[in-house]
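Here the structure is laid out as structure tokens; the discussion comes afterwards.
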Amino acid sequence: MDVIDNRKYEKSLNSKGIKLIAGVDEVGRGPLVGPVVVASVILPVGYTLEGLTDSKKLTPKKRDYFYDIIMRDALSVSISMKSEKVIDEVNIYEATKLAMYESIENLSIKPEHVLIDAMKLEKLNVPSTSIIKGDLKSITISAASVIAKVTRDRLMSELDKKYPEYGFKTNQGYPTKKHKEAIAKYGIIPEHRKTFKPVCDNLDRLYKDIK
């Protein structure tokens, strides 16, 4: 198996004198409930962190470990979310793009170049590169992936305390069998995305009201 150089894009930009590189990634496009979360991260030039990769390939314990290190070492971190209401209004793709623009704009340091996982941001006012599977190929995007994933998972753990029957702590709002069975049994909650199946199939049912 070929070893991926996860600093290839960063080193190429550094060789051109570009030092302030922001990595951007999202988490939460597929779930039926809650916000989509985007993180933007600027790391120091030449930064390395052994084992850091796409957050989906890391255990929760490893993600928490890397989250703390990234938050400590990064030059700037920005997190943006778009709620289920916004997702239902403009669709998940557009909501994700809005969160990405906002996250980049809110960085405390203006980046000279932006590396984005897969998506293209045509209206961005700084140069950017869209990288397919960027969360595997770029350490900066990997860092953003971890920040976004941990942030959203913690939100879902809090929602799980309010609605334990849906299993949000373990399914993070994705359409697992348990989640879909809970929707069929208990109905939908205000945080559900009303334009997503099977949520929209249950709109005629009352919201779940747990005291």
Please verify whether T176 is touching a Gly at 6+ places or on another chain (Cβ under 9 Å), of a type in the set (S, T, Y) and surrounded by fewer than 23 Cβ atoms within 10 Å (Cβ to Cβ), treating the condition exactly as stated. yes
Give the residues of the stretch 164-200 that are more than 22 Å from the chain's Cα centre (by Cα), of a type outside the set (A, V, I, L, M) and closer than 24 Å to V86 by Cβ, sorted by residue number. K180, G187, P198, C200
Quick check on the stretch 57-86: of everything there that is charged (D, E, K, R) and within 20 Å of A99 (Cα to Cα), which residue is nearest to the chain's Cα centre (by Cα)? K82
Being of a type outside the set (D, E, K, R), over 20 Å from K137 (Cα atoms), exposed (fewer than 13 other Cβ atoms within 10 Å of the Cβ) and not assigned by TED's automatic domain parsing to the domain that holds N171 is true for just one of G34, G17. Which residue is that? G17
Neighbours by Cβ (under 9 Å, 6+ apart or cross-chain): first from the stretch 176-198, in contact (Cβ under 8 Å) with a residue 40 or more places away in the chain; second in a helix (DSSP H, G or I) and among the small types (G, A, S): P198/A184
Could you grab the pairs with beta carbons closer than 9 Å, sequence gap of 6+ or different chains, first residue in the stretch 32-61 and among the aromatic types (F, W, Y), second one assigned to a helix (DSSP H, G or I) and crowded, with 18+ Cβ neighbours inside 10 Å? Y47/E10; Y47/I139; Y47/T140; Y47/A143
Does K97 meet the test of being touching a strand residue (DSSP E or B) at 6+ places or on another chain (Cβ under 7 Å), charged (D, E, K, R), closer than 19 Å to I79 by Cα and free of Cβ contacts under 8 Å to residues at least 60 places away in the same chain? no
Among helices (runs of 4 or more DSSP H) entirely inside the stretch 128-204, those with 3 or more residues being modelled with pLDDT under 95 and not assigned by TED's automatic domain parsing to the domain that holds K82 are 177-186
Look through the stretch 98-153, keep the residues that are of a type in the set (K, R) and surrounded by 22 or more Cβ atoms within 10 Å (Cβ to Cβ), and return whichever of them is nearest to K82 (Cα to Cα). R152
When you look at K61, is it surrounded by fewer than 23 Cβ atoms within 10 Å (Cβ to Cβ) and within 21 Å of K8 (Cα to Cα), yes or no? no
Is it the case that the stretch 102-120 has a residue that's touching a residue at least 24 places away in the same chain (Cβ under 8 Å), in contact with a Gly (Cβ under 6 Å, 6 or more places away or on another chain) and within 27 Å of L32 (Cβ to Cβ)? yes
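The values are calculated or read from the model by the stated rules, or taken from the named source; none is laboratory data. Given the structure is predicted, the values throughout are model-derived calculations rather than measurements. Cβ: placed from backbone, ideal geometry, glycine included. Neighbour counts: every protein chain shown.
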